[in-house]
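A short worksheet on the structure shown next.
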Amino acid sequence: MVKNIAHAAAAMALTGMLAMPAMAQDKFIVVASTTSTQDSGLFGHILPIFKAKTGIDVRVVAQGTGQALATAKKGDADVVFVHDKVAEAKFVEEGFGLDRREVMYNDFVIVGPKADPAKTAGKDAIAALKKIEAGKQPFASRGDKSGTHAAELRYWKAADIDPQTGKGGWYRETGSGMGPTLNTASAMSAYAFTDRGTWLSFKNRGELVILVEGDTKLFNQYGVMLVNPAKHPHVKKEMGQQFIDWLTSAEGQAAIAAYKIEGQQLFFPNYVALRKAA
Amino acid sequence: MQEIPQSFSLALSLIASLDANLLAIAGLSLRVSGVAVLLAALLALPLGAWLALARFPGRQGVIAVLNGMMGLPPVVVGLLVYLLLSRAGPLGSLGMLFTPSAMVVAQALLIFPIIAALVRQVIEDAWGEYREQLLSLNASRGQAMMALLFDMRFTLITAVLAGFGRAIAEVGAVMIVGGNIDGVTRVMTTAIALETSKGDLPLALALGVVLIAMVVVINLAAQGIKTLAMRKHG
């Protein structure tokens, strides 16, 4: 028995070693980011450009903003790239993040069934939410503490509505990412609050169309931060900083602006503009 | 419903074109689950055989727990391994989170009880049958274990394949500890989850068809080897 265990342990160590070198690549950073940047294809467009320039492989773990910040807090990422200003500010305040920079924005839209039973179509997001609640129309919410979910909740608050009163009825929390939530909304012909990027690259739309867009309140700002090496000494701060510097450089900003789906630009770089305004 | 026929033709064209991305993802799936099943089997074979022959107080309880662990939820195993391997966790200094090695560990943990429990049952049944013979030969318990494991080797392949099937099909654990990183930790199941969340249901289902085809081919190969070997040594 003892010999068996010793054999097994030796074999384990051996296979472990065999498996590692083939899979490892040393010049990389881990970026905790959101599903909206990944699912929309933005990273697939900009990361190869960054890699060609610096040789750094950016490994993106796409989660909701809340989870991405939690991942970074534990020290499991070098850089965070998310969209929830309030949560990001708290993250920096607590000393987990350094050098927060605003990189770009996209916008939120409200999608819903083409027939639009609540008559929401237009520009005013708050009015639309009020009509959805008044008509008790099905609404699919992320319910996952993501940046998009946090934004959605802010609009409900602005509309002076507590959606939790509709829980189990017209207000349906999927507790999942933007894509799965849109799949649910599509199957139920429900209204949903989504970022435009995910919507444009989303294929299973069914009866859903964009009903509310163009409200300036619907802008969605993305920020990038380095995980504080003072909290987590293993953070690759040089390479992480290189990535942040590149995202906010003229070249990085141009790469973001150049990403289009069906001729539509998804993300609007605004680091430089904000710098000038400040 | 046209997604279903559409996904089958998409699966065929993906396979026929030997899509480089698909090959890399399928290869990683095989590698991760293959190493995981190897590790799990190396530990589960001796442990299952030992548990089949050993008699000690509380043995029935141990067996019940082991059998129960066959239904371990992958997402719970993933979470556990995540917390262990996270930089803030006890094994954080290894820097293994979000690597294929972390996925191997999670899958090995997930399938170890499956293989061990099945091995225990197979060996215990065989022990019932060959007990008298082995005892009359004055075999020690260790020798009896080895003899039974060797004798039952063809049946035990099925136990190992059951573990492999579970490993390669699960998504909950590898999603959490691997992070579904493009080109690094993306495997078939996490790719399917990703395409589903992008709403590309035909592609997601096509990847599913490819995954099932892979598993069937592996099982056919194992079946073939088993038949050949049985003819030779049976």
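Things worth noting here:
- The single residue among B:62, B:37 that is buried (at least 22 other Cβ atoms within 10 Å of the Cβ) and not in a loop (DSSP other than H, G, I, E, B) turns out to be B:37.
- Candidate set: segment A:232-273, residues that are in contact with a Pro (Cβ under 8 Å, 6 or more places away or on another chain) and β-branched (Val, Ile, Thr); chosen: the one farthest from the other protein chains (Cβ to nearest Cβ): A:256
- Residues within segment A:99-120 that are over 30 Å from residue A:271 (Cβ atoms) and surrounded by 18 or more Cβ atoms within 10 Å (Cβ to Cβ), tallied: 4
- Annotation: of all residues in segment B:2-34 being polar (S, T, N, Q) and in a helix (DSSP H, G or I), the one that is surrounded by the most Cβ atoms within 10 Å (Cβ to Cβ) is B:33.
- Between A:238, A:207, A:262, A:213, the distinction of being under 30 Å from residue A:118 (Cβ atoms) and outside the structural domain of residue A:114 (by TED's automatic domain parsing) belongs to A:262 only.
- On the stretch given as segment A:48-64, residues that are polar (S, T, N, Q) and either assigned to a strand (DSSP E or B) or in contact with an Asp or Glu (Cβ under 6 Å, 6 or more places away or on another chain) (or both) total 1.
- For segment A:194-244, residues that are polar (S, T, N, Q) and without any contact (Cβ under 8 Å) to a residue 12 or more places away in the chain total 1.
- Residue that is surrounded by the fewest Cβ atoms within 10 Å (Cβ to Cβ), among those in segment B:176-230 that are basic (Lys, Arg) and within 19 Å of the chain's Cα centre (by Cα): B:226
- Looking only at residues in segment B:135-145 that are in contact (Cβ under 8 Å) with a residue 12 or more places away in the chain and under 23 Å from residue B:233 (Cβ atoms), the one that is surrounded by the most Cβ atoms within 10 Å (Cβ to Cβ) is B:145.
- Number of residues in segment A:185-203 that are farther than 20 Å from residue A:125 by Cβ and crowded, with 19+ Cβ neighbours inside 10 Å equals 2.
- Taken residue by residue, segment A:79-93 has at least one member that is within 19 Å of the chain's Cα centre (by Cα), surrounded by 22 or more Cβ atoms within 10 Å (Cβ to Cβ), outside the structural domain of residue A:153 (by TED's automatic domain parsing) and part of a loop (DSSP other than H, G, I, E, B).
- Reported count of residues in segment A:42-66, each being more than 9 Å from every other protein chain (Cβ to nearest Cβ), touching a strand residue (DSSP E or B) at 6+ places or on another chain (Cβ under 8 Å) and in contact (Cβ under 8 Å) with a residue 12 or more places away in the chain, is 5.
- Just one of the listed residues (B:64, B:49, B:26) is under 20 Å from residue B:158 (Cβ atoms) and at pLDDT 95 or above, and it is B:49.
- For segment B:12-26, the count of residues that are away from every other protein chain (no Cβ under 12 Å) and either among the basic types (Lys, Arg) or closer than 18 Å to residue B:175 by Cβ (or both) is nonzero.
- Residue match in segment B:151-162 (condition: more than 14 Å from the chain's Cα centre (by Cα) and either surrounded by 17 or more Cβ atoms within 10 Å (Cβ to Cβ) or modelled with pLDDT of 95 or more (or both)): yes
- Here residue B:184 fits the description: touching a strand residue (DSSP E or B) at 6+ places or on another chain (Cβ under 7 Å), touching a residue at least 60 places away in the same chain (Cβ under 8 Å) and within 13 Å of another protein chain (Cβ to nearest Cβ).
- Extreme residue, surrounded by the fewest Cβ atoms within 10 Å (Cβ to Cβ), among residues of segment B:91-134 that are hydroxyl-bearing (Ser, Thr, Tyr) and part of a helix (DSSP H, G or I): B:93
- Of the residues making up segment A:187-201, those that are touching an Asp or Glu at 6+ places or on another chain (Cβ under 8 Å) and either within 18 Å of residue A:148 (Cα to Cα) or within 7 Å of another protein chain (Cβ to nearest Cβ) (or both) number 7.
- So residue A:215, is it buried (at least 16 other Cβ atoms within 10 Å of the Cβ), charged (D, E, K, R), under 25 Å from residue A:42 (Cβ atoms) and touching a Lys or Arg at 6+ places or on another chain (Cβ under 8 Å): yes
- Among (1) closer than 16 Å to residue B:32 by Cβ; (2) not in a helix (DSSP H, G or I); (3) not β-branched (Val, Ile, Thr) - the single one residue B:199 does not satisfy: (1)
- Pick from segment A:162-186, criterion of a type outside the set (Ser, Thr, Tyr) and within 11 Å of chain B (Cβ to nearest Cβ), ranking: nearest to residue A:105 (Cα to Cα): A:178
- Residue match in segment B:153-161 (condition: within 14 Å of another protein chain (Cβ to nearest Cβ) and either in contact with a strand residue (DSSP E or B) (Cβ under 8 Å, 6 or more places away or on another chain) or touching a residue at least 40 places away in the same chain (Cβ under 8 Å) (or both)): no
The values are calculated or read from the model by the stated rules, or taken from the named source; none is laboratory data. Every value quoted in this text rests on a predicted model; they were computed, and no experiment measured them. All Cβ positions, even for glycine, are placed from backbone atoms using ideal geometry, and neighbour counts span all protein chains on display.
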